[in-house]
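Here is the structure we will look at, set down as C-alpha cells.
The values are calculated or read from the model by the stated rules, or taken from the named source; none is laboratory data. Since we're looking at a predicted model, the values are computed, not measured. Cβ coordinates were reconstructed from backbone atoms using ideal geometry, including for glycine residues, and neighbour counts include every protein chain displayed. For the accessible areas, the whole protein counts, side chains as well, though only heavy atoms, and no ligand, DNA or RNA atoms are used. Shrake-Rupley method; radii C 1.70, N 1.55, O 1.52, S 1.80 Å.
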Amino acid sequence: MAARAAAAIALAAALALAAGTAAGQSLARLTVRSFALTSDTLHPRVDEPFHLIVTLRVREREMQIANLDLPLLADVELLGDERQTVSGSGGTLYRETITVVAHRSGPLAIAPATLQATDARDGRAKEWYTNGLTIVVGGAGTSALRSGAAELLARALGVARMLVWALGIAVVVIAVVMLLRRRRRAVAAAPAPPPAPPPIVSRSRRQRLDDALLVLRAERTRAAAVAVRGAVWKMIGANDGATLGDVLRRRDSFVPETRELLIALERSAFTYDDDLQPAIQDACFALERAMETVP
Amino acid sequence: MSASLADLRAALALTIVGQEGVIEALLLALLGNGHVLLEGPPGLAKTLACRSLAAALEGEFKRIQFTPDLLPSDIVGTRVFDQRESAFATVLGPIFANVVLADEINRAPAKVQSALLEAMQERQVTIGPQSYALPDPFVVMATMNPLDSEGTYALPIAQMDRFLMKVNVGYPSPAEELRILDRFAVADTQPVRSVAALDDVRAWREQAHAVHIDEKLKRYMVDLVTITRRADGVRVRAHSDEALRASDLIDYGASPRATLALAFLARGRALLEGRDFALPDDVRAVAAHALRHRIGFNYRLVTEGVSADRVIDAMIASIPAP
C-alpha cells in the first residue's frame, strides 16, 4: 500500500510536471473566472474507481494551460488522467479528470489544486487555489460510519433543507436573467454561451485502457506495473487474489490481445529488475493492441 | 536449454500415457535436486516413469522393493571378505544410481527407512571405514500404497520432511486407459531414446537456481506455509455438512523446509514453462505438493470425513495471490 501511495505521489508529480511547464518559464497572463475541484461522488466505495475533476475557466483563448499543479494523491491509487481544453470566443475551459481508487474506508482529505499565472487584470504573478475536498470512503465493515450514520442523516436533512431554499432562490434568479437576456437579444445577437462541461459518464473499457497506458508510460516502475495490472484485472472482472491462470480461464480473456496484455502485465509485475523496462515496454505495446480491439 | 527440457518431457510422454503429474514431479525433483514421495495404488506406471527418466538421461536406474526383512546393507551396500585376496571388499548397494525407485517404502522397518533417508539427505553413504559419494544427479522416487496398510511402518513426519514433494497419483481417465491399451497391449513398447546427458541436468539445475522470485512471491510463499500453523480462519465443510475450523484438524503445521521446497519447486516449474522468473501460478501449482506431507493432521480428520487435500486446498485458497 505504501509503495502504491508513493507511486501515486510520484505519478501525480510527474503528471503535474507534464501539465505544467518547467520552473522558471514565464507565467501565462490569465483572467481566472473559476477554478474548482469536484468529485463525481463524495461517498465512493472501497476499491471502486471514482473521478476527481479540476475545472478552470479563464477569459483568454488558450490552447493549453501551464503551471497547474494537481493535488497530491497520497491516500488513493491513481488509475489514470485525462485532460481536455476547450477554447472559444467565450474563453477557455480546462478540465482534467483524474481516475482514482481508494483501498481504505473512512474520510479522505484531498488537497487543493494550484495554478500559477500572471493576473491579466493587474499584471501581477499570483497563485490560485481550488477548494479542498473531504470524501468519505464507504466499504464493508466500516463500523465508524455505521455508528455515525444517524448523525450523517441529520446533517443530510439539514443540507437538503438549505438546498431547497437555494433552489428556490436560483429559480427566481434564473427567471430574472432569462427575462433580461430576451430583452438584450432584441437589441443585439447574444454572445455564444460558454461551452458546457462534458457530462461525467462511467469510464469505458477503452478509456480505462488509455488511462492504464498513460500511467505506465509516465511511471515505468514496478509499482506502477503492479497497479496497472490490478486495474486491468478489475476491468475484466477478475478477483483480487486470483492468479494469471485463473484470469486466463475467464471468458473475457479468450480474446488473443487481452491474453497477450494479461501475460505482459504479469511479466512486468514479477520479472527481475534487468528485464523490467523491456517488460513494461511490451506491456505498453500490448495495451495499445488491446485498445485497437475495443470499440 | 529449456528446449532440451521440453524434449525430455516429450520423450517421457511418448512412453507414459497421462500421468503428467508424475512426469512433472520427476522433472521438478531433478531441477530442485530433491526427492519425490508418490502415493497411489499399484499399476500406475510409477516404475516405468522412473526407468524412462533414467534412460532419457543416459543415467542408471535401480529399483528397491522394500520388505519387512530388508536390511540397511541391502540398500547402501556392505563389505564382503574376498578369500582370493584375503581382504575385505566393498560391494555398493542399489542406491548408487541416478534414479532410484524405493517401492513401498513403508513396508520396511524404521532402520532401513532411516538408512535410505540419511543417504538422501547426506548424498553419501558410509560403509565400514570409508564414505562413498552418491552419483549426481541422484533422485529417489519412493512410493507408498494407501490401500494396504497392514504390516506397514509409517514414515515419521521428520523423515517425510526430507522429501521435496509428495504427489498423489490417481487412476488414468478412460480415454488415457484406451491409449494405454493401444500402446502396450499390441506390441513391445519402444525404449525411451536418450535426449539429454547428465551434464545437461546439472546445467538445468543451475538455471533453475537462477530463476528470479519477486519479493511479493516470497511473502506469498511464507504466508502459505504460515497458514498451516495458524489456520483458525479457514473453514472446511465436514461430512456432516458442519463447517470445521482447519486448525482443529491440524496438530502441527509445515516446517520452514516447506518454504524452501516451495521456492525450489516454483523455480523449477517456471523453468519448465520456459521462464526465468516465477509467477504466483507456479507457487500455487506446487503448493499442495510441498505441504501435503509436512502437515500433522489429527484423528478428527478421519472422524469428520475430511480429506487432507481438501484442508490443504482450503488453506491455499484462503491466501490471496499477489
Determine whether region B:128-136 contains at least one residue that is open to solvent by 60 Å² or more (accessible area, probe 1.4 Å), in contact with a Lys or Arg (Cβ under 6 Å, 6 or more places away or on another chain) and of a type in the set (S, T, N, Q). no
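Residues are listed down the side, and each one gets a yes or a no for (1) modelled with pLDDT under 85; (2) among the hydroxyl-bearing types (S, T, Y); (3) assigned to a helix (DSSP H, G or I):
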residue: A:R183; (1), (2), (3): yes, no, yes
residue: A:A190; (1), (2), (3): yes, no, no
residue: A:A196; (1), (2), (3): yes, no, no
residue: A:R203; (1), (2), (3): yes, no, no
residue: A:R220; (1), (2), (3): no, no, no
residue: A:G230; (1), (2), (3): no, no, yes
residue: A:D240; (1), (2), (3): yes, no, no
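Does B:E206 fit the bill of being touching a residue at least 12 places away in the same chain (Cβ under 8 Å), surrounded by fewer than 14 Cβ atoms within 10 Å (Cβ to Cβ) and not aliphatic (A, V, I, L, M)?
On the way: touching a residue at least 12 places away in the same chain (Cβ under 8 Å): no; surrounded by fewer than 14 Cβ atoms within 10 Å (Cβ to Cβ): yes; not aliphatic (A, V, I, L, M): yes.
No: the conditions fail for B:E206.
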So, in region B:3-22, how many residues would count as being under 15 Å from B:A285 (Cα atoms) and open to solvent by 10 Å² or more (accessible area, probe 1.4 Å)? 2
Quick one: is A:Q207 at pLDDT 85 or above, under 27 Å from the mean Cα position of the chain (by Cα), more than 11 Å from chain B (Cβ to nearest Cβ) and assigned to a helix (DSSP H, G or I)? no
Could you give me the residue pairs with C-beta distances under 8 Å whose first residue belongs to region A:240-261 and is more than 14 Å from chain B (Cβ to nearest Cβ) and within 21 Å of A:L216 (Cα to Cα), whose second residue is of a type in the set (K, R) and part of a helix (DSSP H, G or I) wherever it lies, and which are 6+ apart or on separate chains? A:E257/A:R289; A:E260/A:R289; A:L261/A:R289
Qualifying residue in region A:36-49 (condition: modelled with pLDDT of 70 or more, more than 29 Å from A:G138 (Cβ to Cβ), open to solvent by 20 Å² or more (accessible area, probe 1.4 Å) and not hydrophobic (A, V, I, L, M, F, W, C)): no
Name the residues in region B:145-197 that are open to solvent by less than 80 Å² (accessible area, probe 1.4 Å), among the hydroxyl-bearing types (S, T, Y) and at pLDDT 80 or above, would you? B:T152, B:S173, B:S194
Hits in region A:41-68 - residues which are within 26 Å of A:R217 (Cα to Cα) and under 13 Å from the mean Cα position of the chain (by Cα): A:P49, A:F50, A:H51, A:L52, A:I53, A:V54, A:T55
Does region B:255-285 hold any residues that are facing chain A (nearest Cβ under 10 Å), farther than 20 Å from B:L37 by Cβ and surrounded by fewer than 20 Cβ atoms within 10 Å (Cβ to Cβ), and which are they? B:R275, B:D276
Restricting the search to region A:262-295, which residues are open to solvent by less than 60 Å² (accessible area, probe 1.4 Å), away from chain B (no Cβ under 14 Å) and in a loop (DSSP other than H, G, I, E, B)? A:V294
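Please give the helices (runs of 4 or more DSSP H) falling wholly within region B:69-171 in which 3 or more residues are over 30 Å from B:A308 (Cα atoms) and not polar (S, T, N, Q).
B:72-76
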Could you list, in sequence order, the residues of region B:45-76 that are open to solvent by less than 10 Å² (accessible area, probe 1.4 Å) and out of contact with any Pro (no Cβ under 7 Å at 6 or more places or on another chain)? B:A49, B:C50, B:S52, B:L53, B:A54, B:A56, B:L57, B:F66
Of the residues in region A:94-120, how many are at pLDDT 85 or above and open to solvent by 60 Å² or more (accessible area, probe 1.4 Å)? 0
Can you find, within region A:247-257, the residue that is farthest from the chain's Cα centre (by Cα) among those that are at pLDDT 85 or above and open to solvent by less than 50 Å² (accessible area, probe 1.4 Å)? A:L248
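Each row is one residue, and each column tells you yes or no for (1) assigned to a helix (DSSP H, G or I); (2) at pLDDT below 80.
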position: B:G18; (1), (2): no, yes
position: B:V22; (1), (2): yes, no
position: B:L27; (1), (2): yes, no
position: B:L31; (1), (2): yes, no
position: B:L37; (1), (2): no, no
position: B:L48; (1), (2): yes, no
position: B:L53; (1), (2): yes, no
position: B:G59; (1), (2): no, no
position: B:K62; (1), (2): no, no
